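All of the numbers you see were taken from the coordinates with simple rules; none came from a lab. Everything numeric in this text was worked out from a predicted model, so none of it was measured. All Cβ positions, even for glycine, are placed from backbone atoms using ideal geometry, and neighbour counts span all protein chains on display.
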Amino acid sequence: MKNTALTDKHIALGAKIVPFAGYNMPVTYEGINAEHATVRTGVGVFDVSHMGEFILKGDNALDLIQRVTSNDASKLFDGKVQYSCLPNKDGGIVDDLLVYRIDEKSYMLVVNASNIEKDWNWIKQFNDKDVEMHNISDKTSLLAIQGPKATDALQTLTDVDLASMEYYTFVKGTFAGVNNVIISATGYTGAGGFEIYFDNEHADKIWDAIFEAGKAYNIKPIGLGARDTLRLEMGFCLYGNDIDDSTSPIEAGLGWITKFTKEFTNSGALLAQKEAGIQKKLVGFEMIDRGIPRHDYEIADAEGNIIGKVTSGTQAPSLQKAIGMGYVAKDFAKEGTEIFINIRNTPIKAKIVKFPFYK
């Protein structure tokens, strides 16, 4: 198991450490519900240094990105971030990722921790035009400072006007006295905030500076447990649960990042699927009767026929109710449709609702 540059900090803070995507990662400090509330109402810090970062450089960097990703990266400008995915050749998804345009010939791709090697090898096989590729994952730390008080808590640490940064933009600047830090107005919580990328050697200094600056805002460290409940309340997909090598971006409701204005891996088949209509769809549902849906639980109709499967589920702390995501046959995907989740061989009533769960 690998450690992040901050693992010792998490242990000293009493975090419960679990293996995740090949790393020892903090799952909770004081409890998922308390940490979840901190991010929704205040400000919290996630160490997500296990994520992968690739730099692509050269005259043909954009061309390579356009061929392997589903979204249209030609729409990016310097300092702009885009959500996208890497389609495979069989109608599924290799991974979802963020694309950062540093300049016309330089990009950073941010990929899921469990897929670093897989994504690298996937992209590399299409690199037939000498694009310079650098996997900087092992030397890069990433902190997500999330919550409505994140801007105020961080502003004293940088000259960058954080309040004026638009969602899904980034700047390279000085942060906590460290040069060359990427400050990105992105996140996976729906609570607002920033993600900060920097070299591992600065990890302790930046972590300490953030907690010192955030003292007045009751800033707290947050584990991966609350990261999951926060993203689920927003209906954000988690790779390996809600999307994977067998789920199409069209079925997953990711048509908005699947642009047929260009050719990319398997774009012809995905366009045909879009035009013909999908047979199953990723939906959100909330439980009507008591019970918590879990990954892989069966979804049934009123007659007990199996119509789908749960991909993610939890008791949502902000909503005080159980919610989930899952794929259902298209005839059952309409908002308000009553469905049943088979929990320990008992059908428990639920209904289809629109994303996001938390508004």
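Remarks
- Computed FRET value (nearest 0.05) for K16 with K309, which takes r as the C-beta separation and R₀ as 22 Å: 0.15
- About the Cα centre, charge dipole magnitude for region 279-359 (Lys/Arg +1, Asp/Glu -1 at Cβ), debye: 260 debye
- Under the combined filter of DSSP loop state and at most 11 neighbouring Cβ atoms within 10 Å, region 83-112 retains these trypsin sites (Lys or Arg not before Pro): K89.
- Each principal axis of the Cα cloud of the chain was evaluated for its coordinate range; sorted largest first, these ranges are 63, 50, 39 Å.
- Extreme residue, positive dipole direction of the chain, given options W207, P293, S141 (C-beta unit charges): P293
- Each residue, K89 and F260, gets one label point 7 Å from its Cα in the Cβ direction; the gap between the two is 2.2 nm.
- Loop sites in region 305-355: trypsin sites (Lys or Arg not before Pro), DSSP, at most 11 other Cβ within 10 Å: K334, R344, K354
- Virtual paramagnetic centre 7 Å along Cα→Cβ of K105, amide N under 12 Å, in region 22-57: 57
- For region 259-318, taking the reciprocal of the average inverse distance between every pair of different Cα atoms yields a Kirkwood hydrodynamic radius of 14.6 Å.
- For a label point 7 Å along the Cα-to-beta-carbon line of K321, residues of region 262-300 with backbone N under 15 Å: 284-293
- Ordering of 143-152, 277-286 by packing [mean C-beta count within 10 Å, highest first]: 143-152, 277-286
- Applied to region 130-143, the Karplus parametrisation 6.51 cos²θ - 1.76 cosθ + 1.60 on θ = phi - 60° returns per-residue 3J(HN,Hα) values of 6, 6, 6, 10, 10, 8, 9, 4, 6, 10, 10, 9, 9, 10 Hz, with x for Gly and Pro.
- One decimal place: the segment N3-D296 gains 102.5 nm when fully extended, by the rule 0.36 nm per residue minus the C-alpha distance.
- Directionally averaged projected area (convex hull, Cα atoms, region 279-359), nm²: 4.7 nm²
- Over region 64-154, the hull volume per residue, using the convex hull of the C-alpha atoms, is 135 Å³.
- Residue of P347, P26, P249 that the Gaussian network model of the chain assigns the largest fluctuation, springs spanning Cα pairs under 10 Å: P347
- Once the C-beta distance of D208 and D128 is scaled by a Förster radius of 35 Å, the resulting FRET efficiency is 0.15 to the nearest 0.05.
- Candidates per GluC sites (Glu not before Pro) in region 78-133, loop by DSSP, up to 14 other Cβ within 10 Å: E104
- Extension gain for N33-E335 works out to 105.9 nm (0.36 nm per residue, less the C-alpha to C-alpha distance).
- Annotation: amide H of I348 within the under-5 Å range of I341, N342, I343, sequence separation 5 or more or interchain, hydrogens built in the peptide plane.
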